[in-house]
Structures are given as structure tokens and as C-alpha cells.
Amino acid sequence: MTKKGTGLKIAISAILCFFILILAIRQGSVYISLKDLFGIISGHITGKGTPEGIEPMMDSIFWTIRMPRAIMAFLVGGALSVSGACMQALLQNPLASSYTLGVSSGASLGAAIVLILEISIPLLAGFMLPFTGFVFGLITVVLALSLASVIDRNVSNTTVVLIGMILSLFVNGIMNFLSTLYSDHSKQLYLWMMGSFSARGWKHCLILFPVCVVCFAILMLTSRKMDIMSFGDLQAQAMGVDAKKTKLVAIVICSLLTGISVAFTGVIGFVDLAAPHVVRKLFGPSHRIVLPMSFIYGGAFMALCDLISRTVLSPREIPVGAVTALIGAPFFAYVFFASRRKRA
Amino acid sequence: MKKIFAVILTLAMLVSVATGCSAITDLTQQSGVLESVGKDVIGDIDIEIPTKDRAGNDIKVPDKIDKIISMAPSTTQVLIEFGLGDKIVGIDTNSATYIDKLPANVAQFDMMSPDNEAIAALSPDIVFTSGMSSVGGTSPFQSLIDSGVCVADIPSPSSIEGICDDILFIGACVGKNAEAIAYSKGLTLFMSGLEEISASIPEDQVKTVLVMMNVPSAEYPTIYTFGKGTYMNEMLDIIGAKNVFGDQEGWLAVSVEDAIVADPDVILMDCDWLPGAADQVKALEGWENVKAVKNGEVYQISEDLCSRPNHHVGEATLEWAKCIYSKFYSDFTGSLDDIKTDVLEKILG
């Protein structure tokens with residue numbers, strides 16, 4: 001693959017992604033012309049206020065409701081697929097995902113506890129659920145990693161994946177037990193677990209955005225090491241990479257990305273699995289390109305899924321987790337099996 | 001049976017006359033007709049004991065009812081008002097609101113996953129269940145039904161007429177026909193009184209309404225409301241208001257964006273569990289240009305009254321009417337209780 005070809009593909013992808021984002025912001029229950037849309041956006045960014053001739057209602061709908069939602073979907077999709085891409089590389093397992101180490105089950109347990117006990121800390125007003133979900137998600141991952149390091153000094157991939165799975169199932173068990181005991185809240189919990197971008201505002205974006213930027217930057221710095229580590233821990237060690245340390249740090253960063261996404265939007269599957277694989281097929285295995293492209297592809301895919309989730313049955317909403325799985329699963333299967341057949 | 005038909009016919013006549021002019025005043029004028037058939041009828045008001053429940057299942061109601069289990073608050077409320085509170089041996093946990101009107105040792109069961117063994121152990125003569133319990137067509141009470149207990153299912157009613165029929169059904173099962181007729185006809189008469197006022201609302205003053213059962217937030221992202229084919233939609237129809245989601249069908253979960261776009265004149269908050277819900281809606285980001293919020297027409301309504309499908313929805317309808325059209329309904333003095341008692345007196349003579 002020539003450098004030039006890759007550059008062209010990146011440019012096309014970026015344009016496509018921008019187009020999808022605009023589409024996601026524009027489509028919905030009310031129609032807006034591109035001119036008005038850009039008028040509203042520039043009015044807010046420059047602080048001049050909404051241009052004349054645009055109804056204040058349109059302004060609230062697009063600036064306060066739809067834009068943060070679409071951007072949130074984009075960021076979460078990006079965060080999930082980047083962390084998925086890293087996990088697959090770090091654990092040398094094509095089926096590894098952001099959720100392999102139990103972030104989602106931990107976060108769900110945290111959410112369940114908050115919903116059941118109806119706890120609220122005034123300081124966290126409105127952020128209680130995401131905060132607890134995030135903390136519980138991270139605790140689960142840290143627990144899984146420490147267990148793995150205790151059992152296996154080299155922290156081999158098989159150990160990590162197995163412990164992650166066992167811990168996930170265990171934590172899920174606790175959560176199911178709790179939700180059976182307190183069935184009043186099970187519907188709310190179920191809705192939370194299905195994931196949604198509805199009613200997410202700028203305040204959520206403002207927290208997610210810096211976290212994404214910082215985590216992404218750190219992961220980009222380790223992208224070279226990740227390339228080497230995809231050959232296996234032994235080879236990596238031979239080439240001077242401290243596999244264990246890199247693995248632990250990168251996994252924690254990935255979990256941070258996943259944790260914060262799950263905390264804000266619920267458990268949304270498939271994008272973390274599908275997007276990186278598609279990107280690898282298009283751009284090759286180098287993580288310097290795979291990571292940013294995963295972000296773009298994952299983000300665009302999620303923005304598109306959210307668009308579908310809110311428009312297909314409007315005014316009803318389909319949980320976005322269901323949409324990603326419905327579209328993602330067959331697509332992923334296609335990509336996976338198509339490449340197998342070629343190999344055979 | 002003939003006499004029953006006479007009573008029902010008379011009442012039907014009453015209703016049709018009442019809708020023509022003022023429902024409440026006419027009721028008293030027509031009382032003579034009622035009295036002539038009412039006097040000694042009560043002993044004979046034996047509308048046949050139903051052989052099918054409201055869901056269409058075959059049931060065999062025992063002749064004598066001494067132990068009742070009610071698995072829905074709306075039914076529990078009706079039974080208590082029928083004067084049967086002391087016969088209730090078991091309730092669903094939501095019915096616990098009425099615990100002080102029930103025997104001290106009344107058992108409580110989960111509506112969604114009832115302990116059928118414990119229910120059977122109480123050897124009830126009849127168990128009233130509701131649509132809230134059945135999930136995907138399977139009744140969580142199946143093993144109870146198989147054990148031969150009379151389980152009378154009352155699916156969630158979708159209209160005011162359905163509510164009236166449900167009350168008549170409960171009455172027929174427990175031998176309280178006179179009361180049941182009084183409650184259901186009382187409700188019908190009361191509603192026609194409200195309809196009479198709504199007919200006088202000029203076309204250009206008709207308001208659009210959104211009833212929300214929660215305040216949208218990141219935890220409850222969608223708004224629970226309803227479209228046509230629900231008794232709540234009919235309540236809005238009766239008072240002359242227009243449901244903004246009236247073109248949709250059934251109970252709905254709509255997105256925040258669609259609710260804002262619908263731009264209702266009035267928002268009613270049907271959520272007692274959330275104190276200050278109306279103020280929370282007024283403070284929501286992005287809602288400041290919605291007419292109801294701009295004009296301060298967001299009201300908290302009593303969830304207990306409107307969400308239990310029995311005759312009390314009449315009171316709920318009046319409450320909604322006074323919120324939406326205070327101008328037209330503020331002078332309305334009709335009382336559901338009075339009409340109900342009136343009708344009952346006429347039947348009993």
C-alpha cells in the first residue's frame with residue numbers, strides 16, 4: 001500500500017465522517033436548511049446569538065437538543081472503538097473488546113446500586129449515575145488486572161481474558177440478583193443498559209471531550225509499542241518493550257475511555273468490535289493509523305446508529321444498543337467471513 | 001332479568017337526556033322514572049354471574065364470595081368502596097396505599113411475579129388480576145388458574161366505557177350490582193356534564209396538551225405519554241383539549257426533541273413520585289421556547305386519581321379540565337360523589 005493511497009483514503013474517510021455528522025445533526029423531527037443550521041452554529045460560537053429570521057424554537061432544538069446529542073454519539077462511538085482497537089492489539093485477540101475486562105458489568109452494577117438505593121450526593125447533582133457507573137467500571141477492571149497479576153506473574157493474555165470473563169459473569173450475577181430483589185427498578189435499569197443518547201446535553205460533552213483527547217493522546221504515544229506487541233509478548237520483550245507495563249497502562253486508559261462512555265450512555269456493543277476490524281481491513285495494521293481511523297469510523301457509525309434510533313419509529317426511540325447490534329452484527333459477520341473465504 | 005333491563009334502559013335514557021341539556025339538574029328531574037323501577041328491585045339485581053372474565057377467559061365465580069385477593073390498586077379501591085374491604089385477604093404491593101382500610105393481616109404480593117403458592121394457601125374465592133401483570137400473553141397466575149382458583153383477569157381498559165364495564169364486571173362477580181351500576185353510570189353522567197362545557201369552548205381557544213409521566217433527564221431519557229386508544233386520551237377529548245400525540249396509538253415513549261417540536265400549550269405532569277416535577281420541566285434546557293413553559297402553563301396533577309382506571313378518573317378529568325381551561329371549568333360544581341350517591345339512592349329506592 002503506497003503512502004499516497006493511504007492519504008487519499010484518510011481524506012475520503014474524514015469527509016465522509018463530517019458528512020455523516022452533519023446529516024445526524026440535521027435529520028430529525030424537524031427539517032432545517034443548511035444555511036440556517038450553520039447560522040445557528042456560528043451564531044453560538046461567535047456569541048452573536050441566533051441570526052434573525054430563525055425561530056427561537058429551532059435554535060433550542062438544534063443547539064440545545066440535537067447537536068450535543070449527535071456530538072456525544074460521535075465521541076462515545078469513537079472512544080469505544082479506539083479502546084476496542086487497543087484491547088485487540090494488547091490482548092492479541094480479535095474478539096477482545098472494551099468490555100472484555102468487565103467495565104460494562106461493573107458500571108451496570110454501580111448504576112443498579114444507585115437506582116435501587118436512590119442515593120444522591122448533592123455535589124454530583126445529575127451526575128450520580130455516570131459517576132458511580134464509571135467508578136464501579138474502573139474498580140472491576142483494576143480488580144481483574146490485579147487478580148491476573150497475582151495468578152500469573154507475566155500477565156499473559158489468556159489469563160487476562162479469562163479472569164475478565166469470569167469477573168464479568170460474577171458481577172453480572174450480583175446485578176441480576178439485585179435487580180430481581182428490587183424489581184421496581186428493573187425497567188429503568190434495563191433502559192440504562194440498552195444505552196441512549198437522548199437528553200444528553202453540552203455539559204456531558206464537556207466532560208467527555210477532554211477525557212477523550214487526553215486518553216487518545218496517551219494511546220497514540222504507545223501506538224508504536226502496540227504494533228510490536230501484536231507479535232506477542234515474548235517478541236516485544238526481545239525488542240525492548242516492557243510488555244507487562246505497557247499492557248497494564250494501556251488497558252487502564254482504555255477502560256477509562258470505555259468507562260466514561262458507558263457511564264454516560266449505557267452499554268452499547270458492537271461498535272468497539274466492528275469498527276477497528278473494518279479499519280484494519282482498509283488501512284492495514286499500523287496503529288498510528290488504526291487508532292485515529294477507528295475513532296472516526298466508530299464515531300460516524302455511532303452517530304448514524306443514533307440517527308436511526310430516533311428517526312425510524314419517531315416519535316418513539318429504539319435503544320441505540322439494539323440498533324448497533326442489529327446493523328453491526330451482520331456487518332461484522334460479513335467482514336469476518338469474507339476475509340476467511342479469501343484466505344482459504 | 002327484565003327488571004334489570006328496565007333499570008339499565010332507564011339509565012341509558014337518563015344519560016341521553018342528560019347529554020342533551022344539563023346532566024346534573026336533569027338527573028334529579030328524572031328521578032321519578034328511576035324510583036318507579038327502583039324500589040324493590042335491589043333484591044333482584046342479580047345480573048347473571050359472569051362466566052367469562054374481561055380478557056375473555058372462561059371463569060367459574062363461586063356463589064358466595066368471602067375471601068378476595070386484588071392484584072391491582074384500581075380494583076382494590078373499587079372493592080373497598082363497595083364496602084368489601086374486610087373481605088380482602090391479599091393485595092398487590094401497589095395497593096398498599098389503602099392498607100389502613102384493609103384487615104390488619106392482609107397479605108401482599110408482587111404484581112409481576114406473584115407467589116402463587118402463598119396465594120393458593122389463602123384459599124381465596126376470587127382473585128382479581130390486571131393487565132399490568134401479564135407479560136407477552138403469559139399470565140404469571142397460570143399455576144393458580146390450573147389449581148382451580150377463580151382468577152378473574154381485567155386487562156388495562158383503553159376507554160372510559162371499558163372502565164365502566166370493568167366496574168360492572170367486578171360488581172357482578174362480588175354481588176354488588178347496585179353499587180357497580182351507580183358507579184359506572186355516575187361516571188358516565190359526570191363525564192357528560194364536562195362534555196357539555198367543552199362543547200362551548202370556541203374553536204380558536206382549543207388548547208394542545210402534553211401529559212408527561214416523567215421529567216426527561218439522562219437517567220430517564222425518553223418521555224412517557226400516550227396517544228389515541230387510551231382512556232387518558234379520551235379524558236382530554238371530553239374536556240375539549242387536543243393531545244399533541246393524539247395521532248399516535250397507545251402508550252408511548254417519545255423523544256425530548258419530538259416533545260419540544262410538538263410545542264404544547266399546556267403540559268400536565270402525571271408523576272406524584274417526583275415532587276416539584278412541574279418546576280423541573282420549566283427549568284429544562286432547550287424547553288424555554290415551548291409555549292407551555294413560556295406561559296407558565298405546566299401543572300402537576302394527581303397521579304393517584306388518573307392512573308387507576310376506575311370511576312375516580314372522573315375526578316381526574318375535572319382536575320385536568322381546571323388546569324387546562326380554568327376559565328371554562330372554574331364554575332363547574334358537579335361532584336362525582338353526589339351523582340354516584342344519587343344514582344345509588346334511586347336504584348335502592
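The values are calculated or read from the model by the stated rules, or taken from the named source; none is laboratory data. None of the values given here were measured: they were computed from a predicted structure. Counting neighbours? That spans all protein chains shown, and the Cβs are built from the backbone with ideal geometry, glycine included.
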### Query
Is it true that B:GLY148 is part of a helix (DSSP H, G or I), away from chain A (no Cβ under 14 Å) and either among the basic types (Lys, Arg) or over 15 Å from B:HIS312 (Cα atoms) (or both)?
no
### Message
Quick check on A:VAL114: is it within 14 Å of another protein chain (Cβ to nearest Cβ) and in a helix (DSSP H, G or I)?
### Response
yes
### Task
Could you tell me which of the residues B:VAL206, B:VAL211 is of a type in the set (A, V, I, L, M) and in contact with a Leu (Cβ under 6 Å, 6 or more places away or on another chain)?
B:VAL211
### Summary
Inside the stretch B:283-308, the number of residues satisfying the requirement of being among the basic types (Lys, Arg), within 14 Å of chain A (Cβ to nearest Cβ) and in contact (Cβ under 8 Å) with a residue 12 or more places away in the chain is 1
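Yes or no, residue by residue, for (1) modelled with pLDDT of 90 or more; (2) touching a Leu at 6+ places or on another chain (Cβ under 8 Å); (3) outside the structural domain of B:SER143 (by TED's automatic domain parsing); (4) surrounded by fewer than 16 Cβ atoms within 10 Å (Cβ to Cβ):
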residue	(1), (2), (3), (4)
B:SER16	no, no, yes, yes
B:CYS21	no, no, yes, yes
B:GLN30	no, yes, yes, no
B:LEU34	no, yes, yes, no
B:SER70	yes, yes, no, no
B:SER113	no, no, no, yes
### Message
Tell me whether the stretch A:73-91 contains one or more residues that are surrounded by fewer than 24 Cβ atoms within 10 Å (Cβ to Cβ) and either assigned to a loop (DSSP other than H, G, I, E, B) or among the β-branched types (Val, Ile, Thr) (or both).
### Response
yes
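Per-residue answers, yes or no, for (1) away from every other protein chain (no Cβ under 14 Å); (2) free of Cβ contacts under 8 Å to residues at least 24 places away in the same chain; (3) among the charged types (D, E, K, R):
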{"position": "A:GLY78", "(1), (2), (3)": "yes, no, no"}
{"position": "A:LEU95", "(1), (2), (3)": "yes, no, no"}
{"position": "A:PHE131", "(1), (2), (3)": "no, no, no"}
{"position": "A:ALA148", "(1), (2), (3)": "yes, yes, no"}
{"position": "A:ASN154", "(1), (2), (3)": "yes, no, no"}
{"position": "A:LEU167", "(1), (2), (3)": "yes, no, no"}
### Residues satisfying the stated conditions in the stretch B:242-263, i.e. of a type in the set (D, E, K, R), more than 8 Å from chain A (Cβ to nearest Cβ) and in contact with a helix residue (DSSP H, G or I) (Cβ under 9 Å, 6 or more places away or on another chain)
B:LYS242
### Task
With the condition kept exactly as written, say whether any residue in the stretch B:91-101 is surrounded by 20 or more Cβ atoms within 10 Å (Cβ to Cβ), hydroxyl-bearing (Ser, Thr, Tyr) and in contact (Cβ under 8 Å) with a residue 40 or more places away in the chain.
no
### Query
Only one residue in B:ALA292, B:ALA241, B:ALA278 is at pLDDT below 95 and out of contact with any Cys (no Cβ under 6 Å at 6 or more places or on another chain). Which one?
B:ALA278
### Query
So which residues in the stretch B:209-223 are assigned to a strand (DSSP E or B) and more than 12 Å from chain A (Cβ to nearest Cβ), if there are any at all?
B:VAL209, B:VAL211, B:MET212
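I need a count of the residues in the stretch A:202-219 that are within 14 Å of another protein chain (Cβ to nearest Cβ) and touching a helix residue (DSSP H, G or I) at 6+ places or on another chain (Cβ under 8 Å).
We begin by selecting, within the stretch A:202-219, every residue within 14 Å of another protein chain (Cβ to nearest Cβ); these are A:202-208.
With touching a helix residue (DSSP H, G or I) at 6+ places or on another chain (Cβ under 8 Å) added as a condition, the list becomes A:202, A:204-205, A:207-208.
Selection size over the stretch A:202-219: 5.
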### Summary
A careful count of residues in the stretch B:115-137 that are closer than 18 Å to B:PRO155 by Cα and crowded, with 16+ Cβ neighbours inside 10 Å gives 8
### Query
Within the stretch B:88-123, restricting attention to residues that are of a type in the set (Gly, Ala, Ser) and more than 26 Å from the chain's Cα centre (by Cα), which residue is farthest from the other protein chains (Cβ to nearest Cβ)?
B:SER123
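Residues checked against (1) within 13 Å of chain B (Cβ to nearest Cβ); (2) closer than 17 Å to B:GLY286 by Cα; (3) part of a loop (DSSP other than H, G, I, E, B):
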position	(1), (2), (3)
A:LEU21	no, no, no
A:VAL30	yes, yes, yes
A:ASP36	no, no, no
A:GLY49	no, yes, yes
A:GLY53	no, no, yes
A:PHE62	yes, yes, no
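If you take the residues in the stretch A:184-201 that are among the hydroxyl-bearing types (Ser, Thr, Tyr) and surrounded by fewer than 21 Cβ atoms within 10 Å (Cβ to Cβ), which one is farthest from the other protein chains (Cβ to nearest Cβ)?
Within the stretch A:184-201, the first condition is being among the hydroxyl-bearing types (Ser, Thr, Tyr), and the residues that meet it are A:186, A:190, A:196, A:198.
Next, from what is left, pick out any that are surrounded by fewer than 21 Cβ atoms within 10 Å (Cβ to Cβ): A:186, A:190.
Values: A:SER186: 9, A:TYR190: 12 Å.
Selected residue: A:TYR190.
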### Task
Could you check how many residues of the stretch B:264-275 are away from every other protein chain (no Cβ under 14 Å) and over 26 Å from A:PRO56 (Cα atoms)?
2
### Query
Just one of the numbered conditions (1) within 14 Å of another protein chain (Cβ to nearest Cβ); (2) touching a Leu at 6+ places or on another chain (Cβ under 7 Å); (3) among the charged types (D, E, K, R) is not true of A:ARG66; which one?
(2)
### Message
Tell me whether the stretch B:224-241 contains one or more residues that are without any contact (Cβ under 8 Å) to a residue 24 or more places away in the chain, more than 7 Å from chain A (Cβ to nearest Cβ) and more than 18 Å from the chain's Cα centre (by Cα).
### Response
no
